[in-house]
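Below is one structure, written out as structure tokens; comments come after it.
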Amino acid sequence: QVQLVESGGGLVQPGGSLRLSCAASGSIFRIYTMGWHRQAPGKQRELVAQITRDGITNLADSMKGRFTISRDNAKNTVYLQMNSLKPEDTAVYYCTADLSTGWTTPTKEYWGQGTQVTVSS
């Protein structure tokens, strides 16, 4: 069994900052790409950011300059630092991880349960 557990969400005022964390645990052989997606009310789920095992990052255009993704491979954890938050950043943020559970086991994408981020005054 593999679990992804997010933390760090909450209510923040416009212009504020939050740092999300996501820790993967369970029968993990190797984690490859980790990332964050989000889904706002009434909207489709969208990619926020991804980071490879080697630290190569990819951020959605609307998050560039405000959000930073990082990871700690030793802790199987990915982070999302969010600065200059706007009301339109309000969404449920989901952690994802492409990982294998064994040497010969195919890579599979796992999702966390999501954490709510609300940007409001």
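For segment 1-63, the extents of the C-alpha atoms along the principal axes are 39, 24, 23 Å, listed from largest to smallest.
Along its principal axes, segment 57-121 has C-alpha extents of 49, 22, 21 angstrom, given from the largest down. Within the shell defined by Cβ-Cβ distances under 11 Å, the residues around residue 90 carry a net charge of +1, with Lys and Arg each +1 and Asp and Glu each -1.
Rolling a 1.4 angstrom probe over the protein heavy atoms, how many square angstrom per residue are accessible across segment 1-77? Intermediate results must be reported in sequence, preceding the final value.
Values: 4410 Å² over 77 residues.
So segment 1-77 comes to 57 Å² accessible per residue, rounded to a whole number.
Here residue 119 sits with roughly 10 square angstrom of accessible surface, probe radius 1.4 Å. Remark: the residue 84-residue 11 segment gains 24.9 nm on full extension, using 0.36 nm per residue and subtracting the alpha carbon distance. Amide H to amide H, with H built 1.01 Å from N, residue 85 comes under 5 Å of 15, 16, counting only residues 5 or more places away or on other chains. Taking a Cβ cut-off of under 13 Å around residue 107, the surrounding Lys, Arg, Asp and Glu residues balance to a net charge of +1, with basic ones at +1 and acidic ones at -1. Across segment 1-113, C-alpha contacts under 8 Å between residues 6 or more apart give a mean separation that, scaled by the residue count, equals a relative contact order of 34 percent. Report the residue, chosen from 36, 111, 103, that carries the largest GNM mean-square fluctuation when the chain is represented by alpha-carbon nodes joined by springs under 10 Å. Among 36, 111, 103, the largest GNM mean-square fluctuation belongs to 103. Partners of residue 108 within straight-line reach, counting lysines whose Cα lies under 21 Å from its Cα and excluding those fewer than 8 residues away in the same chain: 75.
The values are calculated or read from the model by the stated rules, or taken from the named source; none is laboratory data. In this text, all values refer to a predicted model and were calculated from it rather than measured experimentally. Because the Cβ atoms are built from the backbone with ideal geometry, glycine has one as well, and the counts that use them run over all protein chains shown. Ligands, DNA and RNA are stripped out before the accessible areas are found, and what is left, the full protein with its side chains, is counted by its heavy atoms. Shrake-Rupley method; radii C 1.70, N 1.55, O 1.52, S 1.80 Å.
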